[in-house]
Amino acid sequence: MQSALLDGSAVLGLRPRIPQVPLMLHPRRGFNQVRVGDRFESAMTMTETHIVMGAGLFGDFNRLHVDEPFAKASRHVGRIAHGYLTISLSVTRTSCSVFHGTAIAYLDHACRFLKPVRAGDTLTTVWEITGLTPKPKHDGGIVAMKATCSNQDGEAVAEATGTMLVKNAE
């Protein structure tokens, strides 16, 4: 299992001032190392901090995300995470970590949100390789994938499909 510190300290030759938590990556895979039917999984817990920072980062201050009394009176019966967060922190994170260092381009992505996600939900995402299209000109090929993201109760909260151009591993 690879790990990486994403704080830039190694590049700058600096020692981090506070302890850093390494991002655990799947073993790097190239196009020539995956097969249709391969599955990859990761899990993370959505936090209040994710939701607050997401609102600021995206400029999305919809009351369903930031106003508890308003959201509590809505059909969601409480604040919910932004869809962007569900996709970027759980779904896309898995596919990008599998092809860390071999991905040339993320070509397309489609998703459906099935249930709300809240602070405290632990999301498990499983990606499955559904197709491989060799692209010898790029020394790799296009990997087609589908994903299901489920909460701690086993309920599917999002589904996604995506394709990536991935180079062969050396």
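The values are calculated or read from the model by the stated rules, or taken from the named source; none is laboratory data. Owing to the predicted nature of the structure, the values given are computational and were not obtained by experimental measurement. Here the Cβ is made from the backbone with ideal geometry for all residues, glycine too, and neighbour counts use every protein chain on show. Ligands, DNA and RNA are excluded from the accessible area calculation, which covers all protein heavy atoms including side chains. Shrake-Rupley method; radii C 1.70, N 1.55, O 1.52, S 1.80 Å.
Overview of values
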quantity	calculated
Reachable lysines, given that their alpha-carbon falls under 16 Å from the alpha-carbon of K135 and they are not under 8 places away in the same chain	K167
Unit Cα scatterers, Debye sum, the stretch 64-170: log10 I(q)/I(0) for q = 0.11, 0.18, 0.19, 0.21 Å⁻¹	-0.41, -0.84, -0.90, -1.03
Nitroxide proxy distance, nm - points 7 Å out along Cα→Cβ at A110 and N62	2.1 nm
Surrounding net charge for T161, when Lys and Arg each add one and Asp and Glu each subtract one, Cβ distance under 13 Å	-1
Eligible lysines near K115 by straight Cα distance, threshold 27 Å, same-chain separation 8 or greater	K72, K146
Contour minus Cα-Cα distance for N32 and Y84 (0.36 nm per residue)	15.6 nm
Approximate spin-label separation D139-F70, in nm, with each point projected 7 Å along Cα-to-Cβ	5.2 nm
Per residue solvent-accessible surface (Å²) - the stretch 17-170, probe of 1.4 Å	55 Å²
Net +/- balance of residues flanking H100 in space, Cβ distance below 13 Å, scoring K and R +1, D and E -1	+4
Karplus 3J(HN,Hα) series, Hz, for the stretch 56-66 with 6.51 cos²θ - 1.76 cosθ + 1.60 (x for Gly, Pro)	x, 5, 8, x, 9, 9, 3, 4, 5, 9, 10
Ranked order, S90, S150 - accessible area, probe 1.4 Å, largest first	S150, S90
